[in-house]
Amino acid sequence: MINTYKNTVDYRKLVADWNSLMRTFIRPEDAAARSVLLKYMEQILFGLQEFLKTHVGITQEISLRDLAGQYSNSHISLTPEKKLDAVITELIEELAPRVVNVASPYFVGHMTAAIPFFMVHLKTIVTALNQNVVKIETSKLASVVEKQVLAKIHRLVYGCDDGFYGAHIQNVHTSLGGVTQDGTLANMTALWVARNRLLAPKEGFRGVENEGLSAALKAYGLGRCVLLVSRLAHYSLKKAAGVLGIGTENVIAIDVDSNNRMDLNSLRTTLDQLHGAAAKTAVLAIVGVAGTTETGTIDPLPEIAEICSLNKIHFHVDAAWGGPTLMSERYAPLLKGIELSDSVIIDGHKQLYMPMSCGLVLFKEPAAMDVIEYHANYIMRPGSVDLGTKSMAGSRAANSLILDYALKIMGKKGYALLIEHGIEVARELAAEIRRRPDFQLVTAPELNILTYRYCPAAMQKVFRSGSAQQRRDINARLDRINVQIQRLQREAGRSFVSRTTLKVDALGPEGIVVLRCVIMNPMTNLKILMEILDEQEAICQTYGLSGGNSN
Ligand SMILES: Cc1ncc(COP(=O)(O)O)c(C=O)c1O
């Protein structure tokens, strides 16, 4: 239980003066305050999740509109308003219950979940040291550790030999990758490199980074530069195309097959069409996804790699979600072909269970990042270890310390247990959905994500034998029902699944609303998932969503 400190505090007048300021830099005010702060640290580490689990569920029942009304003060107070202990009390007792308890085993809707408790310790150390890995002068060993951890993840993906890592792990002239704020910036970094390598300097042209895209297209005699991605690829790739000047309309979505994997015939046809296009077209990269956001499926990586190799196209794999599957001997083969890519991204805050936020980008070739190198006179001099020389970000926290030590604490086997639990519980859930007559499994889990919808047995029967129009009508009704189920369950606050709209050929030409489960919490088990399905059935009964005419 969280202790309330409010009543025991001696509320002296709060002033902003030099002495008070100095105390905030040096130490807590006195021995009593120090012991209270230590107690709060203990509660943050061990009591907070327990408190939320016991008293809150997923989140307290209060509307966003009401909350927004309470947070409409745009004035910064002239003098201090609160002491730290009062702030911590407020954060624990008033804020925490109203954010989202993503650590709950009943929170199975998104790629954000519980983290091992030691991550809070590691994050605290990173915060206390406050290193800035943009340059060695503000980070020293932290930058060296970052190069080491990048080599560890590079080896997990590409499996090069000892000689390779010996030559590059601490080489100041080469980079095996970079640590970014998130998957979005990791994707952007990979495509930034791909763009600069494609439109590189040549006779009479100083490269796209220097002269810009229109000069680059002219220098290479191109009408257009495009990016090919699966229809189910993450929208961050579009953002990257926008920022890099490629243009979101030049991101070509390749259709997927019945298993939601990039359809290779569509890919080949698109490439043929681009080769024959009136405006000479260059392909910046083909992106294979290893764990799509909505369905968790993995594109056919070996085949895409072969197509890229034949056509001399940069092969990028977005493994933001699925990358850590490589830790599991049992399921690593699902990602076969990833080692053939030119670049890969993996999110630290997804299945590496790091605290928000961390992305990783890896390049097969240690010289690849040279094309995004920047220098400044006061730091980041040529030949330095300064990690800011090849990075989209400037100042940056030493989050790689968290990853390096988490890998030591967990080992591959520890991570494998988490990954295997997620995949296997997702399969059990799929079997349970198939067993229940009023549910329909829409996409089976390849990794640990699946989608389904509530679809009463009577409607399924009519759907199977119905005309195209009847199927459309049923889908429209089911869409409304599933939107309601998801909203009512979320508002009830005990559990959470997400929803999305998917185009599933077997169920009609239009997109349909589906419920989406992401299993990444080791405390989530089939019993909990069955309770979530029971709750959805109960919602349908209570609100009369299931009954009525089924045709
Ligand atoms: C496949 C994939 N790629 C990229 C991203 C973007 O990651 P982030 O949210 O860390 O920017 C996501 C996020 O869900 C994702 O699922």
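The values are calculated or read from the model by the stated rules, or taken from the named source; none is laboratory data. Source: prediction; values computed, not measured. Reconstructed Cβ throughout: ideal geometry from the backbone, glycine too, with neighbour counts over all protein chains shown. Just the protein is used for accessible areas: all its heavy atoms, side chains included, with ligands, DNA and RNA removed. Shrake-Rupley method; radii C 1.70, N 1.55, O 1.52, S 1.80 Å.
Which order, highest average first, do 480-493, 364-377, 169-182 follow once you tally other Cβ atoms within 10 Å for each residue and take the mean per peptide? Write out the running numbers ahead of the final one.
Details: 480-493: 17.5, 364-377: 15.9, 169-182: 20.4.
Taking the mean over residues of other Cβ atoms within 10 Å, the ranking is 169-182, 480-493, 364-377.
Check cross-link reach from LYS461 to the lysines: straight Cα distance under 23 Å, and skip same-chain residues fewer than eight apart.
Once the sequence-local lysines are set aside, what remains near LYS461 is LYS503.
Please compute the net charge surrounding THR297, taking Lys and Arg as +1 and Asp and Glu as -1 over other residues with Cβ under 10 Å from its Cβ.
It works out to a net charge of -3.
Aspartates and glutamates near LYS83 by alpha-carbon distance under 18 Å, same-chain residues fewer than 8 away left out - which ones?
ASP10, ASP17, GLU29, ASP30, GLU93, GLU94
Quick one: net charge of GLN541's neighbours, Cβ under 11 Å, K/R +1, D/E -1? Show your work: numbers first, answer last.
Numbers: positive: none; negative: ASP438, ASP534, GLU535, GLU537.
With Lys, Arg at +1 and Asp, Glu at -1, the net is -4.
For TYR235, TYR106, write out the residues from largest to smallest accessible area, computed with a 1.4 angstrom probe and no ligands counted.
Ranked from most to least accessible, the order is TYR235, TYR106.
Looking only at region 194-282, where both bridge partners belong to it, what percent of the DSSP beta bridges are antiparallel (to the nearest 5)? Walk me through the numbers on the way to the answer.
Working: 2 of 8 bridges.
Roughly 25 percent of the DSSP beta bridges within region 194-282 come out antiparallel.
I'd like the Karplus ³J(HN,Hα) series for region 40-45: coefficients 6.51, -1.76, 1.60, θ = phi - 60°, whole numbers in Hz, and an x wherever there's a Gly or Pro.
Ordered by residue, 3J(HN,Hα) equals 5, 4, 5, 5, 5, 6 Hz.
Students often check this: by mean Cβ neighbours within 10 Å, which of 508-516, 320-328 ranks highest, and how do the rest follow?
Details: 508-516: 19.4, 320-328: 26.2.
So the order, starting with the most tightly packed, is 320-328, 508-516.
Exceeding 21 Å between C-alpha atoms, which entries from my cross-link table qualify? They are LYS152/LYS336; LYS147/LYS408; LYS152/LYS413; LYS123/LYS147; LYS123/LYS408; LYS312/LYS350.
On the way: LYS152/LYS336 18 Å; LYS147/LYS408 16 Å; LYS152/LYS413 15 Å; LYS123/LYS147 19 Å; LYS123/LYS408 15 Å; LYS312/LYS350 32 Å.
The pairs that break the limit, which is 21 Å between Cα atoms, are LYS312/LYS350.
List the GluC sites (Glu not before Pro) within region 47-141 that DSSP assigns to loop and that have no more than 13 neighbouring Cβ atoms inside 10 Å. Don't skip to the answer; put the middle values down first.
On the way: sites: GLU50, GLU61, GLU81, GLU90, GLU93, GLU94, GLU137; in loops: GLU61, GLU81.
When the GluC sites (Glu not before Pro) of region 47-141 are filtered for loop state and at most 13 Cβ neighbours within 10 Å, GLU61, GLU81 remain.
What is the distance in Å between the Cα centres of region 318-362 and region 218-291?
Computed from Cα coordinates, the inter-centre distance equals 22 Å.
Please list, in chain and number order, the residues 5+ apart from GLY177 or on another chain whose amide H is under 5 Å from its amide H, with Hs placed from the backbone.
PHE363
In terms of modelled amide H atoms, which long-range or inter-chain residues lie less than 5 Å from the amide H of HIS110?
Here VAL518 satisfy the definition.
Ignoring ligands, DNA and RNA, what accessible area per residue does the chain give at 1.4 Å, in Å²? Could the numbers behind the result be given before it?
Numbers: 26340 Å² over 551 residues.
Ligands and nucleic acids excluded, the result is 48 Å² per residue.
Over region 260-403, what percent of the accessible surface lies on carbon and sulfur atoms, probe 1.4 Å?
Working: 2710 of 5200 Å².
Taking all protein chains in place, region 260-403 shows 52 percent carbon and sulfur surface.
Cα to Cα, under 19 Å, and not fewer than 8 places away if on the same chain: which aspartates and glutamates meet these conditions relative to LYS239?
Cα-Cα hits under 19 Å: ASP182, GLU209, GLU249, GLU294, ASP318, ASP347.
Along region 466-475, what does the Karplus equation 6.51 cos²θ - 1.76 cosθ + 1.60 (θ = phi - 60°) give for ³J(HN,Hα), rounded to whole Hz, x for Gly and Pro?
For region 466-475, the Karplus curve yields x, 6, 4, 5, 4, 5, 4, 5, 5, 4 Hz.
Amide H neighbours of VAL256 under 5 Å, at least 5 residues apart or on other chains, H built in the peptide plane: list them.
Correct list: ARG231, ASP263.
What is the local net charge at SER495, summed over the other residues whose Cβ is closer than 12 Å to its Cβ (Lys, Arg +1; Asp, Glu -1)? Please report the intermediate quantities before stating the final value.
Values: positive: ARG490, ARG494; negative: GLU491, GLU531, ASP534, GLU535.
Net of charged neighbours comes to -2.
Quick check: Cα centre of region 468-492 to Cα centre of region 6-80, how many Å?
Centre-to-centre (Cα) distance: 42 Å.
What are the ³J(HN,Hα) couplings of region 271-288, residue after residue, when phi is run through the Karplus curve with 6.51, -1.76, 1.60 and θ = phi - 60°? Round to Hz, x for glycine and proline.
4, 4, 4, 5, 4, x, 5, 4, 7, 4, 10, 10, 9, 5, 6, 10, 10, x
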